[in-house]
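Have a look at the structure below, then the notes.
The values are calculated or read from the model by the stated rules, or taken from the named source; none is laboratory data. The model shown is predicted, which means the values in this text are computed figures rather than measured ones. Using ideal geometry, Cβ is built from the backbone for each residue, glycine included, and neighbour counts are taken over all protein chains shown. With ligands, DNA and RNA removed, areas are computed over all heavy atoms of the protein, side chains included. Shrake-Rupley method; radii C 1.70, N 1.55, O 1.52, S 1.80 Å.
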Amino acid sequence: SVLFRRIARAWGLARTGKQIRETLGSLVPGHLSSTRECDTWFYWPAGIDPSTWDAFRVAGEGNAESKRLLEEICLEEIGNLALFILAEHGATTTEDLARSVCRLLGITRTTNDAEARVRRAIAHGRAFELVKTENGTVSGVH
């Protein structure tokens, strides 16, 4: 829905109604990789394997458009950001890790839902293989 909203805005359309979403959905190339989280689809650029992808984006300072909602960011990217934080700062609590992830994404308040999403991200994909959680402490596996 975020992708379709952005495309519609780029075309000068104020709303993204059902017909526009269906039309845009039918135009998504079939060869693109995608991952699904509940009712949300994340599309990946050609040549990117979500299971090995290791990049992430942070919010630009003073750039409101670079900020994203945590639920609009795939678990793979949140997990990659968590891995970066652990590599830079070492072991921490899950709560502090969630706060650090949110801060880098430009999210000022870390809600229980945000913390739960970070927990899901570190138990998902490549982060699952590279993160150890024990007694409330999260650390990178070396």
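Worth pointing out:
- Highest-first arrangement of 115-127, 71-83, 30-42, where packing means the average Cβ count within 10 Å: 71-83, 115-127, 30-42
- Relative contact order (%) - criterion: Cα under 8 Å, at least six apart; region: the stretch 86-142: 42
- With a cut-off of 15 Å between beta carbons, the residues surrounding S51 carry a summed charge of -4, where Lys and Arg count +1 and Asp and Glu -1.
- Solvent-accessible ranking of T93, T23, largest area first, probe 1.4 Å: T23, T93
- Distant alpha-carbon pairs in the stretch 39-122 (separation over 17 angstrom), percent: 46
- Ranked from largest to smallest solvent-accessible area, with a 1.4 Å probe on the protein heavy atoms, W44, W53, W11 come out as W11, W53, W44.
- For the stretch 24-142, the solvent-accessible area with a 1.4 angstrom probe is 62 square angstrom per residue.
- Residues I20, I85 ordered from highest to lowest accessible area at a 1.4 Å probe: I20, I85.
- For K67, the accessible surface of its heavy atoms amounts to roughly 100 Å² (probe 1.4 Å, protein chains only, rounded to the nearest 10).
- What the Cα convex hull of the chain gives, in volume per residue, is 130 Å³.
- Under the span-like rule (Cα at least 18 Å along the axis, Kyte-Doolittle mean at least -0.5), DSSP H helices of the chain: 75-89
- Heavy-atom accessible area for F128, with the other protein chains in place and a 1.4 Å probe, reaches approximately 120 Å².
- Relative contact order of the chain, taken over Cα pairs closer than 8 Å and 6 or more residues apart, is 19 percent.
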